[in-house]
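Notes for the one structure printed next.
The values are calculated or read from the model by the stated rules, or taken from the named source; none is laboratory data. Computed from a prediction, not measured in an experiment: that's the story for all the values here. A quick note on method: Cβ atoms are made from the backbone with ideal geometry, for glycine too, and the neighbour counts reach across all protein chains shown.
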Amino acid sequence: MDIKLLEPGFSICHAIYPNNMEELKGLGFRAIICHRQPGEADDHINDAELRHAAEAVGIEWVEIPVTPGEYTTEAIEAFGAAIDRLPTPILGFCRSGRRAVSLWVHNQAQQKNCDLGQLLQAAHAAGHDLHAEKDSFIKG
């Protein structure tokens with residue numbers, strides 16, 4: 001697993017599997033947010049199986065599925081609500097981590113009015129260059 005810290009209490013990662021849950025618990029994660037669509041790819045295991053594996057080791061599980069590049073107001077608000085209520089540290093994941101980092105940037109920029117340049121820099125440091133999408137992060 002290639003886990004990248006975006007801010008204290010929130011990290012992102014690429015796809016995870018049931019056999020990763022013990023390690024994630026050992027790393028201190030208390031909650032996981034899945035951004036993958038059910039059945040989106042052959043390598044994406046059943047969401048119920050992932051949820052069960054997480055809950056079996058005491059990690060809270062939330063699903064906020066999004067299609068890559070399609071960050072609706074509802075998804076951004078659900079993400080913000082999850083970040084506010086879940087115990088930290090939280091791990092957000094999707095296939096590559098891009099949807100997780102994009103939702104984080106949207107939430108930080110729109111809900112918390114954080115500096116967009118700093119957010120894009122943090123995303124870049126985590127391996128995701130979102131500069132081409134920067135206009136989409138500005139609340140209109």
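Given the structure, is Leu50 touching a strand residue (DSSP E or B) at 6+ places or on another chain (Cβ under 7 Å), touching a residue at least 40 places away in the same chain (Cβ under 8 Å) and either under 22 Å from His106 (Cβ atoms) or crowded, with 18+ Cβ neighbours inside 10 Å (or both)? In short, no.
Report yes if Leu119 is over 20 Å from Tyr17 (Cα atoms), surrounded by 19 or more Cβ atoms within 10 Å (Cβ to Cβ), within 13 Å of the chain's Cα centre (by Cα) and modelled with pLDDT under 90, otherwise no. I'd like the intermediate steps shown before the answer.
Working: over 20 Å from Tyr17 (Cα atoms): yes; surrounded by 19 or more Cβ atoms within 10 Å (Cβ to Cβ): yes; within 13 Å of the chain's Cα centre (by Cα): no; modelled with pLDDT under 90: yes.
Taking the combined requirement at face value, the residue does not satisfy it.
Condition check for Phe29 on (1) touching a His at 6+ places or on another chain (Cβ under 8 Å); (2) in a loop (DSSP other than H, G, I, E, B): one failure, at (1). When Ile83 is tested against (1) under 21 Å from Met21 (Cβ atoms); (2) exposed (fewer than 14 other Cβ atoms within 10 Å of the Cβ), exactly one condition is not met: (2). On inspection, Ala15 fails the criterion of being surrounded by 13 or more Cβ atoms within 10 Å (Cβ to Cβ) and in a helix (DSSP H, G or I).
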